[in-house]
Each structure stands twice: as C-alpha cells, then as structure tokens.
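Below you'll find the structure, written out as structure tokens, and then a few comments.
The values are calculated or read from the model by the stated rules, or taken from the named source; none is laboratory data. As the structure is a prediction and not an experimental result, all values here were calculated from the model. Note that each Cβ is placed from the backbone with ideal geometry, even for glycine, and that neighbours are counted across all protein chains shown.
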Amino acid sequence: MIPAKEEVRNLLDQLPDDATLDDIQYHIYVRQKIDRGLNEIAAGRTLSGKEFDKKMAKWLEPHQRSAR
C-alpha cells in the first residue's frame, strides 16, 4: 500500500500547475471514493443488478407516491 503522502504527491504531479486548492481537494475526494469502492468490492460487499433494482424501487416508492 502506498503511503498517503506519496499518493498525494503523485496526484499533484498529474495536475496542471495552475490547479486550484478546490481542484486538488476534489481530486483527493474522488480518489478516496474510488478507493473505498474498490475496498468494498474486495470485501464482497456488493449488490447484484437485481438486488440493486429491488432496493432502488423500494427507496423510490415513497417519492413516486408524493409526485402524484
């Protein structure tokens, strides 16, 4: 595993010289989200397409009723 400081240095090297602090923070945030997702996959914490559809339908149900 690459140390966090080294990951940030690598990220900074890939960004343009005129990158703003907001740009840098955004790219760090995106990287964290990708890493978290990859860790979830590696740990087997994923949903099949059918499971996802079922959860989304249940979640959207109250919103669909109020839209009528």
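If you check R9 against the conditions, is it at pLDDT below 95, over 14 Å from the mean Cα position of the chain (by Cα) and in a helix (DSSP H, G or I)?
Numbers: at pLDDT below 95: no; over 14 Å from the mean Cα position of the chain (by Cα): yes; in a helix (DSSP H, G or I): yes.
No.
Mind counting the residues in region 19-53 that are part of a helix (DSSP H, G or I), more than 28 Å from R9 (Cβ to Cβ) and charged (D, E, K, R)?
Within region 19-53, the subset part of a helix (DSSP H, G or I) is 21-42, 49-53.
Now narrow it down to the ones that are more than 28 Å from R9 (Cβ to Cβ): 49-53.
Checking which are charged (D, E, K, R) leaves us with 50-51, 53.
Of the residues in region 19-53, 3 are part of a helix (DSSP H, G or I), more than 28 Å from R9 (Cβ to Cβ) and charged (D, E, K, R).
Does I24 satisfy the condition of being hydrophobic (A, V, I, L, M, F, W, C) and exposed (fewer than 10 other Cβ atoms within 10 Å of the Cβ)? Break it down into steps so the answer makes sense when it comes.
Values: hydrophobic (A, V, I, L, M, F, W, C): yes; exposed (fewer than 10 other Cβ atoms within 10 Å of the Cβ): no.
So I24 fails the test.
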